[in-house]
Each structure stands twice: as C-alpha cells, then as structure tokens.
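Student: Can you read through this structure? Questions will come right after.
Just so it is clear, none of the values below were taken in a lab; they were calculated from the coordinates. Owing to the predicted nature of the structure, the values given are computational and were not obtained by experimental measurement. Methodologically, a virtual Cβ is constructed for each residue, glycine included, from the backbone with ideal geometry; neighbour enumeration extends over all protein chains shown.
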Amino acid sequence: MENLDAKSISLWIMATIYTIAGILHFVIPKFYMRIMPPWIPYHKLMVQLSGIAEIALGLGLFFPQTKALAAWGVVLLLIAVFPANVYHFQSRTRKDPPTWALLLRLPLQLLLIYWAYTFTY
C-alpha cells in the first residue's frame, strides 16, 4: 500500500469521483442524455459506454499496476466528453446549473486533465 501522502489522497479522491460519476450514468441517465450533442449518434449507448469507461478508469486508478494506464484513459475521456460540456453550456435549460457554472466547467476541464496527467508516470 502506498504512503498516505497528499498525492495518494488526491489519487483516491480522483478514483472515487470517476467511479461514482460512472455509476451516475446508470442512476440518472436522462441528465447525461440531455447534454449529448445532437450530432453524436446513439445517445443512450454513448451514455452507457462512457459510464462503463468512467467506472473502469476510476477503479483502475485504485491499483498501482493500472494507475498510469487508467490516468491516460481519464485524460482521453475528458477530451472526448468536452463537446458534451460545450453543448450543455450552449443549450442550458432552467433545470441545469447556472450559466456561470457551466461556463466555469469548460476551463476546469483543463485542470482535470492536468490532474489526471499527474498520475500517468
């Protein structure tokens, strides 16, 4: 087991966040389907696949043997879902978070990518 330092705690937080986020794709799929850009086909399937990917990557971050590969997967996943975040900002409804929060999420995605990248080596 790794030492309990700030980087290890950060890794466990990230792993937990992605695992829970992936589970939420199956708990509240309508939310994720609503933010899918219309040009992406098979919305339900894509939500399910991205949920499976988040769960697998989140769990992969927990193990030293798969941590780096899972972190690269998170980087790629964050890049892949960026268009959905842009579309969510552009198509916001009253049910969605405030416009400022959706706008803030866009550059925050770069920080999330960097955070995942720090575990790729």
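Student: Just to confirm the number: angle between the C-alpha axis of helix 67-90 and the first principal axis of the chain, 0 to 90 degrees, nearest 10?
Tutor: Once rounded, one gets 20 degrees.
Student: Starting from the Cα of residue 67, draw a straight line to each of the lysines and keep only those under 19 Å, dropping any in the same chain fewer than 8 residues away.
Tutor: 7
Student: Please sort 98-107, 46-55 by packing, taking for each peptide the average over its residues of neighbouring beta carbons within 10 angstrom, highest first. Before the final figure, lay out the partial values.
Tutor: Details: 98-107: 11.8, 46-55: 18.0.
Going from most to least packed, we get 46-55, 98-107.
Student: Positive end of the dipole of the chain, charges at C-beta (+1 Lys, Arg; -1 Asp, Glu), about the Cα centre: which of 73, 59, 103 has its Cα farthest in that direction?
Tutor: The one lying farthest along the dipole's positive direction is 103.
Student: Measure out, as a whole number of angstrom, how far apart the alpha-carbon centroids of segment 74-95 and segment 11-34 sit.
Tutor: Centre-to-centre (Cα) distance: 14 Å.
Student: Simple spin-label model, 7 Å along Cα-to-Cβ: residue 117 to residue 80 in nm?
Tutor: About 2.0 nm separates the two model spin labels.
Student: Then there is this: Between residue 9 and residue 33, how high is the FRET efficiency from 1/(1 + (r/R0)^6) when r is the Cβ-Cβ distance and R₀ = 35 Å? Nearest 0.05. Please report the intermediate quantities before stating the final value.
Tutor: Numbers: r = 33 Å, r/R0 = 0.96.
After rounding to 0.05, the efficiency reads 0.55.
Student: Quote the convex hull volume per residue of the chain, based on C-alpha atoms, as a whole number of Å³. Numbers along the way, then the final one.
Tutor: On the way: hull volume 12.6 nm³, N = 121.
Hull volume normalised by residue count: 104 Å³.
Student: Still on this model: Quick check for me: using +1 on Lys/Arg Cβ and -1 on Asp/Glu Cβ, what's the dipole size of the chain about its Cα centre, in debye to the nearest 20? Walk me through the numbers before you get to the answer.
Tutor: On the way: 9 positive and 4 negative charges, 103 e Å.
For the chain, the charge dipole is close to 500 debye.
Student: Would you grab the residues whose amide H sits under 5 Å from the one on residue 119? Only those 5+ places off in sequence or on another chain, please, with H modelled 1.01 Å from N.
Tutor: Those lying under 5 Å, H to H, from residue 119: there are none.
Student: Assuming a ≥ b ≥ c are the square roots of the Cα gyration tensor eigenvalues, decide whether segment 1-50 counts as rounded (a/c under 1.5), prolate (otherwise, with a/b larger than b/c) or oblate. It would help to have the intermediate numbers written out before the result.
Tutor: Details: a/c = 3.83, a/b = 3.20, b/c = 1.20.
The shape class here is prolate.
Student: Sticking with this one: Using Cα-Cα distances under 8 Å and only pairs 6 or more residues apart, what relative contact order does the chain have, in percent? Let's see the in-between values first.
Tutor: On the way: 117 pairs, mean separation 33.6, N = 121.
Relative contact order here is 28 percent.
Student: Shifting gears a bit: What angle do you read, to the nearest 10 degrees and between 0 and 90, between the alpha-carbon axis of helix 43-61 and the longest principal axis of the chain?
Tutor: Rounded to the nearest ten degrees, it is 20.
Student: Translational diffusion coefficient, Stokes-Einstein: compute it for segment 36-87 using the Kirkwood radius over C-alpha pairs as Rh, at 37 °C and 0.692 mPa s, and state it as an integer in µm² s⁻¹.
Tutor: Details: Rh = 11.7 Å.
Stokes-Einstein gives a translational diffusion coefficient of 280 µm²/s.
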